[in-house]
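See below for the structure under consideration.
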């Protein structure tokens, strides 16, 4: 029997839980996250998305089949045509203009993870790239589901971050997460133990960099 995505999270269990259950996530869920921390995160996440669009363009270049090329194209379109627009609108609700977003300096945590993803994709193959992207695409969907399973999570107008949870629990994002898991499981099934070990290293590094991204938000760090 081959490997699955859950084998990656099992191999990196402590880091994965530290990411999904980070204090930033917990405070966001119960509505106690300081607004300046969330605003800082939102601004850096805009820059993050721009580099992830570049990563999907790299995925298109790395694709060997028409199906993979189409998937990369859809991912790129989703970021450029939908997600970035939604993000700009979301930022506007938090009094952050598009001009402000365009003038932002990148935080070190933003640079670290996004450049790691691009470097991993450049030096590796398409599976390496997808595994490096997985903590974001799969992780945010799992985080929304984890928050909804917690008794401490507050939903509705009393939580200023309810719209964030709603975005990632929504069928559009959850559907994209399921499609990515299906793609990953199909490729991981053919991995040798040695190859799986390499992918565990990529996944662990990417997850740790995502932890740093949450901490960057809490610390308002640049």
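Going by the conditions given, is residue 154 in a helix (DSSP H, G or I) and either in contact (Cβ under 8 Å) with a residue 60 or more places away in the chain or under 15 Å from residue 55 (Cβ atoms) (or both)? Write out each step before concluding.
Working: in a helix (DSSP H, G or I): no; either in contact (Cβ under 8 Å) with a residue 60 or more places away in the chain or under 15 Å from residue 55 (Cβ atoms) (or both): yes.
Considered against the rule, which asks whether it is in a helix (DSSP H, G or I) and either in contact (Cβ under 8 Å) with a residue 60 or more places away in the chain or under 15 Å from residue 55 (Cβ atoms) (or both), residue 154 comes out as no.
Could you check residue 127 against (1) closer than 26 Å to residue 216 by Cα; (2) within 18 Å of the chain's Cα centre (by Cα); (3) modelled with pLDDT of 90 or more; (4) crowded, with 19+ Cβ neighbours inside 10 Å and say which number it fails?
(1)
Report, by residue number, each residue of segment 60-90 that is more than 20 Å from residue 137 (Cα to Cα) and in a helix (DSSP H, G or I).
66, 89
Please name all residue pairs, on different chains or six or more residues apart, with Cβ atoms under 8 Å, provided the first residue is in segment 89-101 and is closer than 17 Å to residue 36 by Cβ and the second residue is outside any helix (DSSP H, G or I).
Close Cβ pairs (under 8 Å, with a partner that is outside any helix (DSSP H, G or I)) amount to 91/97.
Within segment 97-121, work out how many residues are surrounded by fewer than 18 Cβ atoms within 10 Å (Cβ to Cβ) and either within 13 Å of residue 43 (Cβ to Cβ) or in contact with a strand residue (DSSP E or B) (Cβ under 7 Å, 6 or more places away or on another chain) (or both).
Of the residues in segment 97-121, 9 are surrounded by fewer than 18 Cβ atoms within 10 Å (Cβ to Cβ) and either within 13 Å of residue 43 (Cβ to Cβ) or in contact with a strand residue (DSSP E or B) (Cβ under 7 Å, 6 or more places away or on another chain) (or both).
Looking at 195, 178, 187, can you tell me which residue is without any contact (Cβ under 8 Å) to a residue 60 or more places away in the chain, in a helix (DSSP H, G or I), within 24 Å of residue 13 (Cβ to Cβ) and more than 19 Å from the chain's Cα centre (by Cα)? Show your work before the answer.
Details: 178 fails: more than 19 Å from the chain's Cα centre (by Cα); 187 fails: without any contact (Cβ under 8 Å) to a residue 60 or more places away in the chain.
None of the others qualify; the one that does is 195.
Of the residues 36, 23, which single one is surrounded by fewer than 19 Cβ atoms within 10 Å (Cβ to Cβ), within 19 Å of the chain's Cα centre (by Cα) and touching a residue at least 24 places away in the same chain (Cβ under 8 Å)? So that I can check it myself, show each step before the final result.
Numbers: 36 fails: within 19 Å of the chain's Cα centre (by Cα).
None of the others qualify; the one that does is 23.
Determine which single condition residue 163 fails, assuming it passes every other condition in (1) in a helix (DSSP H, G or I); (2) within 19 Å of residue 6 (Cβ to Cβ); (3) in contact (Cβ under 8 Å) with a residue 40 or more places away in the chain.
(2)
The values are calculated or read from the model by the stated rules, or taken from the named source; none is laboratory data. Since we're looking at a predicted model, the values are computed, not measured. Counting neighbours? That spans all protein chains shown, and the Cβs are built from the backbone with ideal geometry, glycine included.
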